[in-house]
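The values are calculated or read from the model by the stated rules, or taken from the named source; none is laboratory data. Note that this is a predicted model, so its numbers are computed, not measured. So basically every Cβ, Gly included, is an ideal-geometry build from the backbone, and we count neighbours across all protein chains shown.
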């Protein structure tokens with residue numbers, strides 16, 4: 001098991017190198033790569049709703065539809 005990856009749902013999809021753009025949380029990277037959210041928007045969404053990637057993706061899709 002890669003000790004650089006946090007124990008969160010979906011965290012295994014984080015880059016194996018252990019380095020992320022701008023030192024971001026793996027979930028910030030995941031949301032920015034898989035949605036139209038900016039890293040800043042992704043960080044805010046995680047801060048408000050936690051690290052459940054399924055929930056975050058659902059919310060991000062709603063934001064995209066509204067925006």
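Number of residues in the range 58-67 that are at pLDDT 90 or above and surrounded by fewer than 16 Cβ atoms within 10 Å (Cβ to Cβ): the value is 1. Within the range 1-48, being part of a loop (DSSP other than H, G, I, E, B), at pLDDT below 55 and under 20 Å from residue 61 (Cβ atoms) holds for one residue alone: 10.
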